[in-house]
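What follows is a short report on a single structure.
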């Protein structure tokens, strides 16, 4: 699990986009990014000119922080994506979307991906009938994710379901009560994060 020390809201401000790291707070007027959308620090409001490398780095960091992945994990996923057919950037984003923690969040069983990691690590979910505890588990088409019966009344899971009513649940997943199915693979249009994935490919191709 990615460990973040300090305010995670600073990460949104640094990457100049909402990363939805604080769950329901991100959808209220208490959101720090909505209040102060400029980067944190003494020079946050000053105009800065970024090099091509800096722009590529920021895109990479944005995606890594959005999904809560360590650099070593992220680089490994990039190499796998680069070895597959199709566009490397899209392959990477699709693989990140199909991580168990991301799918649990997308299905509305957690308020954020960070919370989803914790719930999975504490064994509150099953995949295809088997209890799991690995947030980075890669899922595939047809996999069924289910909240274990003893966990259905857990406050974080109930809060996640309530929040899911106010945000859009991706069309590539189907949710029925405490169970969800991956009915399609996510397309680029269905991945909500605004990012130039080609810049990430350029960053690792240096």
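The values are calculated or read from the model by the stated rules, or taken from the named source; none is laboratory data. Only a predicted model underlies this, so the values are computations on that prediction, with no experimental measurement involved. FYI the Cβ positions are ideal-geometry reconstructions off the backbone, even for glycines, and counts take in every protein chain you see.
Which count do you get for residues in the range 169-178 that are in contact (Cβ under 8 Å) with a residue 24 or more places away in the chain and in a loop (DSSP other than H, G, I, E, B)?
Looking only at that region, the number is 3.
Restricting to the range 121-143, what's the tally of residues that are touching a helix residue (DSSP H, G or I) at 6+ places or on another chain (Cβ under 6 Å) and surrounded by 15 or more Cβ atoms within 10 Å (Cβ to Cβ)?
Within the range 121-143, residues that are touching a helix residue (DSSP H, G or I) at 6+ places or on another chain (Cβ under 6 Å) and surrounded by 15 or more Cβ atoms within 10 Å (Cβ to Cβ) number 4.
Scanning for something surrounded by fewer than 16 Cβ atoms within 10 Å (Cβ to Cβ) and not in a helix (DSSP H, G or I), does the range 65-76 turn up at least one residue?
yes
Looking only at the range 172-186, decide whether some residue is out of contact with any strand residue (DSSP E or B) (no Cβ under 8 Å at 6 or more places or on another chain), under 27 Å from residue 70 (Cα atoms), modelled with pLDDT of 90 or more and crowded, with 19+ Cβ neighbours inside 10 Å.
Yes, some residue in the range 172-186 is out of contact with any strand residue (DSSP E or B) (no Cβ under 8 Å at 6 or more places or on another chain), under 27 Å from residue 70 (Cα atoms), modelled with pLDDT of 90 or more and crowded, with 19+ Cβ neighbours inside 10 Å.
Going by the conditions given, is residue 86 at pLDDT 65 or above, closer than 23 Å to residue 200 by Cβ and either in the same structural domain as residue 163 (by TED's automatic domain parsing) or touching a helix residue (DSSP H, G or I) at 6+ places or on another chain (Cβ under 6 Å) (or both)?
So residue 86 fails the test.
Give all pairs with beta carbons closer than 6 Å in which a residue from the range 138-150 that is in the same structural domain as residue 106 (by TED's automatic domain parsing) and farther than 22 Å from residue 161 by Cα meets a residue that is modelled with pLDDT of 95 or more and not in a loop (DSSP other than H, G, I, E, B); count only pairs at least 6 apart in sequence or on separate chains.
Close Cβ pairs satisfying both conditions: 141/182.
Select from the range 144-162 the residues that are surrounded by 18 or more Cβ atoms within 10 Å (Cβ to Cβ) and outside any strand (DSSP E or B) and write down the one among them that is nearest to the chain's Cα centre (by Cα).
160
Inspect the range 103-114 for any residue being touching a residue at least 12 places away in the same chain (Cβ under 8 Å), closer than 29 Å to residue 202 by Cβ, in contact with a helix residue (DSSP H, G or I) (Cβ under 7 Å, 6 or more places away or on another chain) and in a helix (DSSP H, G or I) and give the result as yes or no.
yes
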